[in-house]
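The values are calculated or read from the model by the stated rules, or taken from the named source; none is laboratory data. The structure presented is a predicted model; accordingly, all values stated were derived computationally and were not measured. Note: ideal-geometry Cβ built from the backbone for every residue, glycine included; neighbour counts use all protein chains shown. Only protein heavy atoms, including side chains, enter the accessible area calculation; ligands, DNA and RNA are left aside. Shrake-Rupley method; radii C 1.70, N 1.55, O 1.52, S 1.80 Å.
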Amino acid sequence: MHYAILAAGEGSRLGSVSAKPLVTINGKTLSQRMLDIIAQRNDVQSVTIITNSEKPEIEAHLRTLKYPFELNIISAHTPSAAHSLAEVVRNIPRNEKFVGLTVDTVFVTKEFHDYLDAFAAMEDHDVLMGVTRFVDDEKPLYVEVAPDMRINAFGDFPTEAAEHVSAGIYGLGPAARDVIDLSMAIGVNGLREFQRALLLRNLDVRAHEMGKVFDVDRPHDLVEAREFILEQEQAAE
């Protein structure tokens, strides 16, 4: 499996003295925590992470970490998360699927591995998105999920049909690569616009429901995520 981690955002809303990928969840930086979880898998083909070139301390931190796989680090200043995704996927063969993640997504390890197993087994779909019913984001992307887990729509507002929100986890098959290229060509800036483009191009986009997933954007998100993960880790002992 190929992994693409987006860690190039400004993180200004977090109000931390550290860059967002360097803030800690129970002793580990957000970037290290995500890489440690990926390292538990035995199917890792490549891991590429894009960092903000204006915050060189992120790359310096990543280079201190040791894993059984090669960590490809791209340092750049991109105008949007969609542009960061386009940069990262250049390291991934076009005919192979990959999992894209935002570095500020905090989830339960087992639930993420269950998602990865489902994505690895995916044959008939183009995209498998992680979704959650837990809404903690200021501006969540609401997801309309059909009974067969097909995603019918993405929206900026809740509706009776949209009970889920995006969890910041994107499993993309080869057909999605063309949509990334097209999105860049027409000036798409945000990930939510890219996700809408997947549906507009008639790709088969499915949802995988997860439990509580945090999008760490604000100080209270970080507090709640730390408490939640500590609780989960203690329960697993």
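Count, please, the residues in segment 184-227 that happen to be crowded, with 20+ Cβ neighbours inside 10 Å and in a helix (DSSP H, G or I).
6
Just one of ALA4, ALA86 is surrounded by 16 or more Cβ atoms within 10 Å (Cβ to Cβ), at pLDDT 95 or above, touching a Ser or Thr at 6+ places or on another chain (Cβ under 6 Å) and not acidic (Asp, Glu); which is it? Break it down stepwise before answering.
On the way: ALA86 fails: touching a Ser or Thr at 6+ places or on another chain (Cβ under 6 Å).
From the options ALA4, ALA86, the qualifying one is ALA4.
Need the failing condition index for GLY100 against (1) farther than 19 Å from GLY168 by Cα; (2) open to solvent by less than 50 Å² (accessible area, probe 1.4 Å), just the number.
All conditions are met except number (1).
Does any residue of segment 150-160 turn out to be of a type in the set (Ser, Thr, Tyr), more than 12 Å from ARG206 (Cα to Cα) and open to solvent by less than 60 Å² (accessible area, probe 1.4 Å)? Write out each step before concluding.
We begin by selecting, within segment 150-160, every residue of a type in the set (Ser, Thr, Tyr); these are 159.
Cutting the leftovers down to more than 12 Å from ARG206 (Cα to Cα) gives us 159.
Among the residues that remain, those that are also open to solvent by less than 60 Å² (accessible area, probe 1.4 Å) are: none.
For segment 150-160, residues of a type in the set (Ser, Thr, Tyr), more than 12 Å from ARG206 (Cα to Cα) and open to solvent by less than 60 Å² (accessible area, probe 1.4 Å): absent.
Which residues, counting only those in segment 133-176, are among the charged types (D, E, K, R) and either assigned to a loop (DSSP other than H, G, I, E, B) or more than 19 Å from GLU123 (Cα to Cα) (or both)?
Going residue by residue through segment 133-176, those that are among the charged types (D, E, K, R) are 133, 136-139, 144, 148, 150, 156, 160, 163.
The answer is ARG133, ASP136, ASP137, GLU138, LYS139, GLU144, ASP148, ASP156, GLU160, GLU163.
Please determine, by comparing only the residues of segment 106-124 that are open to solvent by 10 Å² or more (accessible area, probe 1.4 Å) and in contact with a helix residue (DSSP H, G or I) (Cβ under 9 Å, 6 or more places away or on another chain), which one is modelled with the highest pLDDT. Break it down into steps so the answer makes sense when it comes.
At the first step, the residues of segment 106-124 found to be open to solvent by 10 Å² or more (accessible area, probe 1.4 Å) are 108-111, 113-114, 117-118, 120-124.
Subset that is in contact with a helix residue (DSSP H, G or I) (Cβ under 9 Å, 6 or more places away or on another chain): 108-110, 113.
Working: VAL108: 93, THR109: 94, LYS110: 94, HIS113: 97.
Across segment 106-124, the extreme among qualifying residues is HIS113.
When only residues in segment 21-59 that are of a type in the set (Ser, Thr, Tyr) and either part of a strand (DSSP E or B) or surrounded by fewer than 19 Cβ atoms within 10 Å (Cβ to Cβ) (or both) count, which is farthest from the chain's Cα centre (by Cα)?
Let us first name the residues in segment 21-59 that are of a type in the set (Ser, Thr, Tyr), namely 24, 29, 31, 46, 48, 51, 53.
Those left that are additionally either part of a strand (DSSP E or B) or surrounded by fewer than 19 Cβ atoms within 10 Å (Cβ to Cβ) (or both): 24, 29, 46, 48, 51, 53.
On the way: THR24: 18, THR29: 16, SER46: 16, THR48: 12, THR51: 14, SER53: 20 Å.
This residue is SER53.
Would you confirm whether or not segment 75-83 contains a residue that is at pLDDT 95 or above and within 24 Å of ILE229 (Cβ to Cβ)?
no
Kindly indicate whether VAL165 is open to solvent by less than 60 Å² (accessible area, probe 1.4 Å) and of a type in the set (Val, Ile, Thr).
So VAL165 fits the description; yes.
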